[in-house]
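The values are calculated or read from the model by the stated rules, or taken from the named source; none is laboratory data. Keep in mind that this is a model prediction, so the values were computed, not measured. When we count neighbours, we look across all protein chains shown, and the Cβ atoms used for this are built from the backbone with ideal geometry, even at glycine.
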Amino acid sequence: MIKVNSHILSNGLRLVHSDSFKTSMACVNVLYDVGARDEEPEHTGIAHLMEHLMFSGSKNAPSYDNPLQEAGAQNNAWTDNDFTNYYVNLPAVNLETALFLESDRMCDLDLSPRSLGVQKKVVAEEFKERVLNQPYGDVYTHLRSLAYKVHPYRWPTIGLSVQQILDVPLDYVKNFYRKHYAPNNAVLSIVGDVPFDKAVELTEKWFSEIPRGDVPQRNLPKELAQTERRVLEVERDVPQNLIMMAFHIPSCLDAAYPAYDIVTDFLASGKSSRLNRLVRESGKFVSADSYVDDSCHPGLLVMSAYLQDSVSFDEAEELLLNELKGVAENVTDREFQKTLNIREVNHETSLLSISNVAFSLAKSTLVATPDFYLNEVERYRAVKLENVKAKAKSLLSMPYNVLRYKAKNA
């Protein structure tokens, strides 16, 4: 059982903590409540650019990485549509090094023409590598713009173009930093061999003097209900045809979300899942998959497959829908229990990692309660099989989105 402790500083920074681990290590995780959803259409990719800039050094620490290397630490970060996350794993005796560095870049980041110029080039090269020069690299750009028409989920985290990243002015970046990188817009989690009173003491020491920020109230446009099936076909120089089908589902906070997630377990989790069996037995697909967005606003359930050369997009779509129909009609109690058991094992295994727990506590604190993700098994165990079948059936009756990603020589 993981014990969770919480503390809120006067400036609004939320500390969440657990020392339910027999380890000499600790994880410091800082989750900021800002992501690609907080960008403007003419300035996409800025949240991801800001993530890179956070490693440019700060007022009292010109190098972020060197002190961590000397402390025996490993660190990384990522950005998605909802959040930006930073974490450090290090020996617990060196915890204060990580807290000092995180506090200094929270309030005194080096945002200069030089640092911005360097990181623009880095992010632009990453965009080219991941999107422009990689097979299938732009599939999510097309899928998101097909499924969303007004909500900022309509662009990917990395942004819509290299040029938007290269053109963003320094003043705009500074304003983005001031608006979103504030203690009252973040959660700090500390997990490992650190007593709670020590975690509170050090958090107060390093973060309490950082002033609250004037964080803007989020007021995002609501996506209108989709009324018709949408199809987009693009042609690229790729090895095989790819089909992607996206259905609108509720956010990860909605009570109905776990049932949709379990639908994708039936479809694609494990060798005996429906889509994996379809790949093996039909000879129609090279591979197939299904998953849901774990997003704070209404997201997507996606089914995808790489097609064998002889298979048309129409046939592929029909085959995938048939598997979804099978979930709506033919799932047995035994299969349901097996799926829940696998999910429980995977969840419990993930909780053996202090990094996973640190992030889970931070995200839970932002979106719900500190133990929201720790209690995932109980939430999923409460779902009834008939409810899962009903959700699969509802997907079959709703207008959805189809991306036909065509190989040039197919």
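Residue-by-condition table, conditions (1) assigned to a loop (DSSP other than H, G, I, E, B); (2) in contact (Cβ under 8 Å) with a residue 24 or more places away in the chain; (3) within 25 Å of the chain's Cα centre (by Cα):
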site	(1), (2), (3)
Ser287	no, no, yes
Ser290	no, yes, yes
His297	yes, yes, yes
Met303	no, yes, yes
Tyr306	no, yes, yes
Val311	yes, yes, no
Glu315	no, yes, no
Leu319	no, yes, no
Glu323	no, yes, no
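Would you call Lys179 surrounded by fewer than 14 Cβ atoms within 10 Å (Cβ to Cβ), touching a residue at least 12 places away in the same chain (Cβ under 8 Å) and over 20 Å from the mean Cα position of the chain (by Cα)? Give the steps one after another, and end with the answer.
Working: surrounded by fewer than 14 Cβ atoms within 10 Å (Cβ to Cβ): no; touching a residue at least 12 places away in the same chain (Cβ under 8 Å): yes; over 20 Å from the mean Cα position of the chain (by Cα): yes.
Judged against the criteria, Lys179 is not a match.
Please go through the stretch 190-199 and pick out each residue that is of a type outside the set (Val, Ile, Thr) and closer than 14 Å to Ile8 by Cα.
Phe196, Asp197, Ala199
Going through the stretch 13-33 one residue at a time, which ones are in a loop (DSSP other than H, G, I, E, B) and surrounded by 16 or more Cβ atoms within 10 Å (Cβ to Cβ)?
The answer is Leu13, Asp19, Phe21, Asp33.
Considering only the stretch 350-361, I want to know if a residue exists there that is exposed (fewer than 14 other Cβ atoms within 10 Å of the Cβ) and either aliphatic (A, V, I, L, M) or assigned to a helix (DSSP H, G or I) (or both).
Scanning the stretch 350-361, I find at least one residue that is exposed (fewer than 14 other Cβ atoms within 10 Å of the Cβ) and either aliphatic (A, V, I, L, M) or assigned to a helix (DSSP H, G or I) (or both), so the answer is yes.
Would you check which residues across the stretch 240-272 are at pLDDT below 95 and within 23 Å of Leu403 (Cα to Cα) and list them?
Ser269
Looking at (1) farther than 30 Å from Leu13 by Cα; (2) without any contact (Cβ under 8 Å) to a residue 12 or more places away in the chain; (3) not basic (Lys, Arg); (4) not assigned by TED's automatic domain parsing to the domain that holds Gln337, find the lone condition where Glu223 falls short.
Result: Glu223 fails condition (2) only.
Being out of contact with any strand residue (DSSP E or B) (no Cβ under 9 Å at 6 or more places or on another chain) and not in a helix (DSSP H, G or I) is the filter; apply it to the stretch 149-181 and report the residue that is farthest from Val234 (Cα to Cα).
So the residue we want is Pro169.
For the stretch 200-215, give me each residue that is in a helix (DSSP H, G or I) and more than 11 Å from Gly12 (Cα to Cα).
The answer is Val200, Glu201, Leu202, Thr203, Glu204, Lys205, Trp206.
Within the stretch 116-137, how many residues turn out to be under 23 Å from Val231 (Cα atoms) and either surrounded by 17 or more Cβ atoms within 10 Å (Cβ to Cβ) or aromatic (Phe, Trp, Tyr) (or both)?
Going through the stretch 116-137 one residue at a time, the tally reaches 3.
Taking the criterion of being buried (at least 17 other Cβ atoms within 10 Å of the Cβ), closer than 30 Å to Val279 by Cβ and touching an Asp or Glu at 6+ places or on another chain (Cβ under 7 Å), would at least one residue in the stretch 363-376 satisfy it?
Scanning the stretch 363-376, I find no residue that is buried (at least 17 other Cβ atoms within 10 Å of the Cβ), closer than 30 Å to Val279 by Cβ and touching an Asp or Glu at 6+ places or on another chain (Cβ under 7 Å), so the answer is no.
Being touching a residue at least 12 places away in the same chain (Cβ under 8 Å), more than 29 Å from Ala26 (Cβ to Cβ) and touching a strand residue (DSSP E or B) at 6+ places or on another chain (Cβ under 9 Å) is the requirement here; does Lys408 meet it?
Considered against the rule, which asks whether it is touching a residue at least 12 places away in the same chain (Cβ under 8 Å), more than 29 Å from Ala26 (Cβ to Cβ) and touching a strand residue (DSSP E or B) at 6+ places or on another chain (Cβ under 9 Å), Lys408 comes out as yes.
Taking only pairs six or more apart or across chains, which ones have beta-carbon atoms under 6 Å, a first residue in the stretch 230-247 that is farther than 22 Å from Ser397 by Cβ and not assigned by TED's automatic domain parsing to the domain that holds Leu143, and a second residue that is of a type in the set (Gly, Ala, Ser) and in a strand (DSSP E or B)?
Val238/Ala407; Gln240/Ala407; Asn241/Ala407
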